[in-house]
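The values are calculated or read from the model by the stated rules, or taken from the named source; none is laboratory data. Keep in mind that what you see is a predicted model, and the values were worked out from it rather than measured. Cβ placement follows ideal geometry from the backbone for every residue including glycine, while neighbour counts extend to all protein chains displayed. In case anyone asks, the SASA skips ligands and DNA or RNA and just uses the protein heavy atoms, side chains included. Shrake-Rupley method; radii C 1.70, N 1.55, O 1.52, S 1.80 Å.
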Amino acid sequence: MTDVHSETGLQALFPGDGEMAARCRAVNWSATPLGPVADWPLALRLAVRTAMESPFPINLWCGEEKVLVYNDAYRVVLGSKHPRALARPGREVWAEIWSDLEPMFAAVQRGERVFAEDGHFLMERADGPADDAWFTYALSPVREEDGEIVAYFNPASETTGRVLADCAMRAARADAERAERRLRDVFAQAPAFLAVLQGPEHVFEFVNDSYLQLIGHRQVLGRSVAEGLPEAAGQGFVALLDRVYRTGQRFIGREIPIMIERVRGAPAEERVLDFVYQPITDAEGQSAGIVVHGSDVTEAVTARREVERLLRISEEARGRVEESEVRYRFLANTIPVQVWTATPEGRLDYVSDRTAEYFGLAERDLLGDGWIAHLHPDDVATTSERWARSLATGEPYEVEFRLRRAAGGDYRWHLSRATAQRDEDGGILRWFGTNTDIEDRRRAQGELERLTREAMEANRAKSDFLAAMSHELRTPLNAIGGYAQLIELGVRGPVTEEQRVDLSKIQRSKNHLDALVSDVLNFAKAGAGRIEYRVQQIRLRRTLDAVLEMIAPQAEEKRLRLESPEIPADLCAIADEDRTRQILLNLFANALKFTPAGGAISLDVSATETEVAIAVRDTGIGVPAEKTERIFEPFVQAERALRSSDQGVGLGLAISRQLARAMGGDVRVTSAVGEGSTFTLTLPRCR
């Protein structure tokens, strides 16, 4: 028998060339509460040898005093307590958390299992105050043959970095969601109509109440402008959106007529709009969407046109000037804007009562050039230049400026417009103009642009953070999987059947977490615009056959019928084959997850001249109607997912829709609770 006091014996008890093995061999154990190593129980020596050879952080609490013996990997856990902690009683080493630890030893002595995932401690491991730390750990007894506990085996993996990263991730997500909620609140409360369009297809992501009122409360969310408002496409608005998206230059439209079907089945009616198409750009400066913001000015324009008509009548029928003038002034004073007229030379010769009331002056004080004194000094040059250009060319006059009002003496933004009234020979008889108060609209637009930038910056920060943290999380995950495989292969010694079961559980947990991290990484890449696509013609039968082959064993294991049609060999789509396969696997995985045993999952493929539709139907528990759009939002799962033990992080469908839309397609769902769901992937068809 080897003498444990000899160099050979110590080498066998504390094997290896690591720091802790060398330190343990150098300790005078006779001077510790454990006594000479020759007196150590056999079970303790075996446990020490196992700990020394393990790559995983392991600490042994030995003897009645729970003296610390630990391996190289555990040094990080100790921090500045290493190397003083070696061979010292645990109560002294971990005095600040002993009140947390002592009940655990008592629980083990009672035969209870002690295990914690992300257990929290307040530990002193460096100079200064105690810091928060989190660990996934277990505490199990090391027993002699007679059942006496001689030590406590304590594998412990620090998860502080991941927990803090999770907290930061949640905080970043919360910041982005708060910014988005603030943006949506501004949208919802804005007096003007607002809509957010995403992607090159201009898919409605958000509309406010004013926009819904304008379009007759049609359900347009999740649909493109061409689908939701087909009459707009025929009037050139989709082409205009395409140009803004392509060039990144905003478009400002003034008094643009549009025919809109505001009541289902009724004839379209004309509305006159002032609007802005404001492009949204991503981190690389590429167009990502368009904000539509504007006002329905139909009533004001109609009233102004009536005044202009009467003005023409009054000029044509000079014998009835007095009657026309009375009617003209009456209508001018009823229009909800400031009305004015000017001589051909550009001097004001009439202002409406509303105009004089705004300035708090008599009409005579504003005529001629008197109104200029109430113009904001910074706007005088631009306004004068525009007015001089219209006087010289006869072109319509339009400018935005600030006018000081009597109440409060503050300046408010106005949009001023004027057109020339001409005689039969084309000479200018008079300029007819209006000033429309746009202060609220300017403020709303400014706030909108600011919040849009904040939301986009928060969203980019969130995506960048998620991408970085997903990479960081994968490194320890791969290490866990690798070490588990080494142990399972017997590299560290014989493995019992019970240990194989535990190693299998470790691998399954690691694979599940790896899948979640992959989802987060894919979502972050998509959100940051970093996914690359190889869009080309793909044969759908080959792609679908590969997907069906992959999910068939899972369907069979769950006792589900898998039904699919004969797919034409020549049916093809314009898409990235890998991304298409990823979307379909997500849709099938969703169906497998929520379809009870004995149910069915079916595949259906149809095509039009321009589009291919791939539908995945299940007979599962279904989704409530009010949740069908929410399940496509990131980190959101339908209520049915709460009853499943195999949950993800709620990114699969969000990623699938992002990928589909990036390839010019979409993912939609129809569902009924208790009857199942149909998820349909659409892609452009090869021509």
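The table that follows gives values for the structure above.
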read-out: Any hit, the range 72-81, residues being in contact with a strand residue (DSSP E or B) (Cβ under 9 Å, 6 or more places away or on another chain), crowded, with 17+ Cβ neighbours inside 10 Å and not in a helix (DSSP H, G or I); value: no
read-out: Residue in the range 269-279 that is nearest to Ser416 (Cα to Cα), counting only those that are surrounded by 14 or more Cβ atoms within 10 Å (Cβ to Cβ) and of a type outside the set (Ser, Thr, Tyr); value: Asp274
read-out: Which listed residue is more than 15 Å from Arg405 (Cβ to Cβ), without any contact (Cβ under 8 Å) to a residue 24 or more places away in the chain and out of contact with any Phe, Trp or Tyr (no Cβ under 6 Å at 6 or more places or on another chain), from Arg354, Arg389; value: Arg389
read-out: Glu227 vs. criteria open to solvent by 50 Å² or more (accessible area, probe 1.4 Å) and either over 29 Å from Glu454 (Cβ atoms) or of a type in the set (Lys, Arg) (or both); value: yes
read-out: Residues satisfying the stated conditions in the range 200-224, i.e. open to solvent by less than 70 Å² (accessible area, probe 1.4 Å), in contact (Cβ under 8 Å) with a residue 40 or more places away in the chain and either out of contact with any Asp or Glu (no Cβ under 9 Å at 6 or more places or on another chain) or of a type in the set (Phe, Trp, Tyr) (or both); value: Tyr211
read-out: Only one of Arg412, Arg402 that is within 22 Å of Val297 (Cβ to Cβ), modelled with pLDDT of 90 or more and touching a helix residue (DSSP H, G or I) at 6+ places or on another chain (Cβ under 7 Å); value: Arg402
read-out: Filter result (under 21 Å from Arg661 (Cα atoms) and either within 19 Å of the chain's Cα centre (by Cα) or surrounded by fewer than 20 Cβ atoms within 10 Å (Cβ to Cβ) (or both)) within the range 280-302; value: Ile280, Thr281, Asp282, Ala283, Glu284, Gly285, Gln286, Ser287, Ala288, Gly289, Ile290, Val291
read-out: Qualifying residue in the range 518-533 (condition: in contact with an Asp or Glu (Cβ under 6 Å, 6 or more places away or on another chain), open to solvent by 70 Å² or more (accessible area, probe 1.4 Å) and either modelled with pLDDT under 80 or over 30 Å from Asp282 (Cβ atoms) (or both)); value: yes
read-out: Positions within the range 564-579 being under 35 Å from the mean Cα position of the chain (by Cα) and either of a type in the set (A, V, I, L, M, F, W, C) or surrounded by fewer than 18 Cβ atoms within 10 Å (Cβ to Cβ) (or both), in sequence order; value: Ser564, Leu571, Cys572, Ala573, Ile574, Ala575, Asp578
read-out: Filter pass, Asp618 being modelled with pLDDT of 80 or more, under 20 Å from the mean Cα position of the chain (by Cα) and surrounded by 20 or more Cβ atoms within 10 Å (Cβ to Cβ); value: no
read-out: Hits in the range 49-66 - residues which are in contact with a strand residue (DSSP E or B) (Cβ under 6 Å, 6 or more places away or on another chain) and among the β-branched types (Val, Ile, Thr); value: Ile58
read-out: Glu64 closer than 18 Å to Ser140 by Cα and out of contact with any helix residue (DSSP H, G or I) (no Cβ under 9 Å at 6 or more places or on another chain); value: yes
read-out: Single unsatisfied condition, Glu609 versus (1) without any contact (Cβ under 8 Å) to a residue 60 or more places away in the chain; (2) exposed (fewer than 14 other Cβ atoms within 10 Å of the Cβ); (3) in a loop (DSSP other than H, G, I, E, B); value: (1)
read-out: Scope the range 334-365; condition surrounded by 16 or more Cβ atoms within 10 Å (Cβ to Cβ) and part of a strand (DSSP E or B); matching residues; value: Gln338, Val339, Trp340, Thr341, Ala342, Leu348, Tyr350, Val351
read-out: Checklist (1) more than 30 Å from Gly35 (Cα to Cα); (2) touching a helix residue (DSSP H, G or I) at 6+ places or on another chain (Cβ under 8 Å); (3) crowded, with 16+ Cβ neighbours inside 10 Å applied to Gly161, failing item; value: (3)
read-out: Within the range 657-673, considering residues that are under 18 Å from Gln198 (Cβ atoms) and in a loop (DSSP other than H, G, I, E, B), the one most open to solvent (accessible area, probe 1.4 Å); value: Gly664
read-out: Test result for Leu139, open to solvent by 20 Å² or more (accessible area, probe 1.4 Å) and not β-branched (Val, Ile, Thr); value: no
read-out: Answer from Gly598, Gly650 - the residue that is over 22 Å from Phe206 (Cβ atoms) and either modelled with pLDDT under 90 or touching a strand residue (DSSP E or B) at 6+ places or on another chain (Cβ under 9 Å) (or both); value: Gly598
read-out: Per-region count, the range 102-147, residues outside any strand (DSSP E or B) and of a type in the set (Asp, Glu); value: 7
read-out: The range 580-606 - residue that is closer than 19 Å to Gly665 by Cα and surrounded by fewer than 22 Cβ atoms within 10 Å (Cβ to Cβ) and, of those, nearest to the chain's Cα centre (by Cα); value: Gln582
read-out: Cβ-Cβ under 7 Å pairs, at least 6 apart or on other chains, the range 96-113 side under 18 Å from Pro129 (Cα atoms), far side open to solvent by 60 Å² or more (accessible area, probe 1.4 Å) and of a type in the set (D, E, K, R); value: Glu96/Glu124; Trp98/Arg91
read-out: Tally, over the range 1-34, of residues that are part of a helix (DSSP H, G or I), open to solvent by 40 Å² or more (accessible area, probe 1.4 Å), modelled with pLDDT of 90 or more and not small (Gly, Ala, Ser); value: 3
read-out: Scope the range 92-115; condition open to solvent by 20 Å² or more (accessible area, probe 1.4 Å), out of contact with any helix residue (DSSP H, G or I) (no Cβ under 8 Å at 6 or more places or on another chain) and hydrophobic (A, V, I, L, M, F, W, C); matching residues; value: Ala95, Met104, Ala106, Phe115
read-out: Condition met for Val37 (surrounded by fewer than 19 Cβ atoms within 10 Å (Cβ to Cβ), touching a His at 6+ places or on another chain (Cβ under 9 Å) and at pLDDT below 95); value: no
read-out: Tally, over the range 124-170, of residues that are under 15 Å from Tyr74 (Cα atoms), of a type in the set (Gly, Ala, Ser) and in contact (Cβ under 8 Å) with a residue 60 or more places away in the chain; value: 2
read-out: The range 190-199, subset closer than 27 Å to Ala662 by Cβ and among the hydrophobic types (A, V, I, L, M, F, W, C), residue surrounded by the fewest Cβ atoms within 10 Å (Cβ to Cβ); value: Val196
